[in-house]
Amino acid sequence: MLGRDVVEALTRSGADVRGLAHSGLDVTEAEAARRALAGAAVVVNCAAWTAVDDAETHEAEAFAVNATGAANLARAAHATGARIVHVSTDYVFDGAATEPYAEGAALAPRSAYGRTKAAGERAVRTEAPDHLIVRTAWLYGAHGGCFPKTMARLAAERDRLAVVDDQVGQPTWTCDLADLIVRVVEADAPAGTYHGTSSGQTSWHGFARRVLASAGLETPVDATTSDMFPRPAPRPAYSVLGHDALRAVGVAPIGHWADRWDVAAHDVLG
């Protein structure tokens, strides 16, 4: 979902882009990463094990992609003189905050997925001093399954929906994140960690209502709690990320989530 939009954004910027799917590069193989990255100027790592619940029982496999794979890419990028942009996640935090997480906030993951992504961040910092780590959250886009598509489908099938309102975050369009990645690279931003999420905040319930309004669906959406939908992996209650690091280097953060959804809705829902 993200990788395709990153390739398209880089192509629009005039870059000579080569997009590699898993069939073209298994990031868990160090030698394959070294060969694939030879001659590159910038490497954007969108590869990740993102099946959050499955990671609870397959942590070793998730670690192989999210941590070992990230280390392989970072090491290969550094060896060839390329700059690596590594995409990370809000799950590296504990979700217990009450104000936006700063880029330098302490990592305290509560899930296997979060632990493997935190390990990936540490590996990238170690292996590639000239790194750009971009954390994101609540992604949706046209090229894969995502929350808005699920809500629109369920609303068309059911008389009523129930969606949690005790998880708060920043719905973020993959096209906006891809554009931000390009802008951070073009700005030659200093090595470090940046947050690539929309501005503002809402709950899943609030986002669901906005999605159905865009889809022209009048299905009622009841607010409920996370306790009603137990999952193997704990979800962060608060996934709002701050954007001070972007502003400090003169890069504008992504706009307000609701405004950006209004732009994205047709592309995402079709």
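Going through segment 1-29 one residue at a time, which ones are hydrophobic (A, V, I, L, M, F, W, C) and surrounded by 15 or more Cβ atoms within 10 Å (Cβ to Cβ)? Within segment 1-29, 1, 2, 6, 7, 9, 10, 15, 17, 20, 25, 27 qualify. Can you tell me which residue in segment 87-109 is surrounded by the most Cβ atoms within 10 Å (Cβ to Cβ), limited to those that are part of a helix (DSSP H, G or I) and in contact with a strand residue (DSSP E or B) (Cβ under 8 Å, 6 or more places away or on another chain)? In this case the residue turns out to be 92. Is it true that some residue in segment 153-168 is closer than 20 Å to residue 192 by Cβ and touching a Leu at 6+ places or on another chain (Cβ under 8 Å)? No. Across segment 30-63, the qualifying residues are those that are of a type in the set (Gly, Ala, Ser) and buried (at least 17 other Cβ atoms within 10 Å of the Cβ), and the one among them that is nearest to residue 126 (Cα to Cα) is 33. All told, residue 252 falls short of being of a type outside the set (Val, Ile, Thr), touching a strand residue (DSSP E or B) at 6+ places or on another chain (Cβ under 8 Å), modelled with pLDDT of 95 or more and not in a strand (DSSP E or B). Scan segment 61-83 residue by residue and report those that are among the hydrophobic types (A, V, I, L, M, F, W, C), within 24 Å of residue 139 (Cα to Cα) and more than 16 Å from the chain's Cα centre (by Cα). The answer is 63, 64, 71, 73, 74.
Per this entry, residue 253 is not counted among residues that are surrounded by fewer than 13 Cβ atoms within 10 Å (Cβ to Cβ) and within 30 Å of residue 55 (Cβ to Cβ). For segment 177-185, the count of residues that are of a type outside the set (S, T, N, Q) and closer than 28 Å to residue 57 by Cβ is zero.
Among the residues of segment 93-111, those identified as of a type in the set (A, V, I, L, M, F, W, C), within 18 Å of the chain's Cα centre (by Cα) and more than 16 Å from residue 243 (Cα to Cα) are 107, 108.
Within segment 192-207, identify whether any single residue is farther than 29 Å from residue 96 by Cβ, touching a residue at least 12 places away in the same chain (Cβ under 8 Å) and touching a strand residue (DSSP E or B) at 6+ places or on another chain (Cβ under 8 Å), and answer yes or no. Checked against the condition, which is being farther than 29 Å from residue 96 by Cβ, touching a residue at least 12 places away in the same chain (Cβ under 8 Å) and touching a strand residue (DSSP E or B) at 6+ places or on another chain (Cβ under 8 Å), segment 192-207 yields no hits at all.
The values are calculated or read from the model by the stated rules, or taken from the named source; none is laboratory data. If you're wondering where the values come from, they're calculated on a predicted model, not measured in any experiment. Ideal geometry is used to build each Cβ from the backbone, glycine not excepted, and the neighbour counts take in all protein chains shown.
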